[in-house]
Amino acid sequence: MKFDVLTLFPEMFTSVKESIIGRAIKNNLIELNTINIRDFSTDKHKHVDDTPYGGGAGMVINPTVVYEAYKSINNRENAKVIYLSPKGKTLNHAKVLELAKEEHLILLCGHYEGIDERVLKKIVDEEISIGDYVLTGGELPAMCLIDAVARYVPNVINGDSTMEETFSNNLLEYPQYTRPLEFENEKVPDVLISGNHQEIEKWRYNQSLIETYTKRPELLNKKQKEQAEKLIAQKSEN
Ligand code: 4HQ
């Protein structure tokens, strides 16, 4: 899978090229390419922004530089162009899985007050937000999207971990424990050292239900809620 990122701050993306995504790039599972929008400025001072028509605060990115940067991308006709913006639908697990099926994504990162509307209308297929808050640019949202989507590209991470994790069954993950067996007077739950895999699986599923009921109750359906309430009542009996 290929990501092309249109940005004024390509250096910011060196950080995603590390760690797990970095390994996936080295293994040719994903390709991450940045295009510096400023390289397409024809202005002698390499300006990319200008004051907004109609007045108001801040600067707006010129449509021509963005369009020229976009046109430098090979095979762009077959790519999906995403503009990171708080106006978009909020990114979630279902959207991440949908995007992971794409062969080529072009991510457009805005700055300042944004980008001239005419080039957005011409090239953007979809607007995506990472949450209802305002950032200074689209780079961090683009990195969040890349990180989340790349995990579901086959062989990027161990397949078992994406099967069991939070959201893949609409439940939060069960709690995890490692050594030491006792930490600050608290022992690891007995069932986890019992060696009984059926019991462990049942315990983990129940813990997932309790965890979700306690922290994100809106994720549960009516039946799951009832089941969680029953488990919590049983716990207080003991
Ligand atoms: N911005 N989710 C303004 C965001 C944002 C978000 C990106 C700030 C675009 C022009 N993007 N620029 N939240 O706040 O995606």
Next item on the list: Starting at the first residue of the stretch 187-194, write each ³J(HN,Hα) from the Karplus equation 6.51 cos²θ - 1.76 cosθ + 1.60 with θ = phi - 60°, in whole Hz, x for Gly and Pro.
Entry: 8, 5, x, 3, 4, 6, 10, 6
Item checked: Hits among lysines - C-alpha to C-alpha of Lys87 under 22 Å, sequence gap 8 or more where chains match -> Lys95, Lys121, Lys122
Note to self: Going by amide H atoms built from the backbone, whose H comes under 5 Å of the H on Ser129, apart from near neighbours?
What the structure shows: Ser85, Gly88, Lys89, Thr90, Leu91
Item checked: Footprinting exposure proxy for Lys121, Lys80 (fewest neighbouring C-beta atoms within 10 Å first) -> Lys121, Lys80
Next item on the list: List the residues whose amide H sits under 5 Å from the amide H of Thr34, counting only those 5 or more places along or on another chain, with H placed 1.01 Å from N in the peptide plane.
Entry: Val5
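Run through the DSSP bridge list for the chain and note the antiparallel percent, rounded to the nearest 5. Walk me through the intermediate numbers first.
Numbers: 5 of 26 bridges.
Antiparallel bridges: around 20 percent, rounded to the nearest 5.
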Note to self: Under 5 Å between amide hydrogens, which residues at least 5 positions from Gly110 or on another chain qualify, with H placed 1.01 Å from N in the peptide plane?
What the structure shows: Leu84, Gly138
Notebook entry, point to check: So how do Ile106, Ile115, Ile30 line up by other beta-carbon neighbours within 10 Å, fewest first?
Noted result: Ile30, Ile106, Ile115
Notebook entry, point to check: What are the ³J(HN,Hα) values, in whole Hz, obtained from phi via the Karplus relation 6.51 cos²θ - 1.76 cosθ + 1.60 with θ = phi - 60°, for each residue of the stretch 110-122 in sequence order, with x given for Gly and Pro?
Noted result: x, 9, 6, 7, x, 10, 3, 4, 5, 6, 4, 4, 6
Check: Sorting Phe40, Phe183, Phe167 on the 10 Å Cβ count, fewest up front, what's the list?
Finding: Phe183, Phe167, Phe40
Item checked: Cα gyration tensor, the stretch 99-157 - rounded (a/c under 1.5), prolate or oblate -> oblate
Check: Gain in length, Ile232 to Asn170, computed as 0.36 nm per residue apart minus the alpha-carbon separation, to one decimal in nm?
Finding: 20.4 nm
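Calculate the tail of P(r) for the chain: the fraction of all Cα-Cα distances greater than 31 Å, expressed in %.
41
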Next item on the list: Report relative contact order for the chain in percent, whole number only (criteria: Cα-Cα under 8 Å, sequence separation at least 6).
Entry: 19
Note to self: I need the phi-derived Karplus couplings for the stretch 49-63: 6.51 cos²θ - 1.76 cosθ + 1.60, θ = phi - 60°, integer Hz, Gly and Pro marked x.
What the structure shows: 10, 8, 6, x, 4, x, x, x, 6, x, 10, 10, 6, 4, x
Notebook entry, point to check: Measuring from centroid to centroid over Cα atoms, what is the spacing of the stretch 1-56 and the stretch 92-128 in Å?
Noted result: 13
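Every read-out reported here was derived from the displayed coordinates using simple, explicitly stated rules and does not represent laboratory data. Small disclaimer: the values here were computed from a predicted structure and weren't measured. Glycine also receives a Cβ, built like all others from the backbone with ideal geometry; neighbour counts cover every protein chain displayed.
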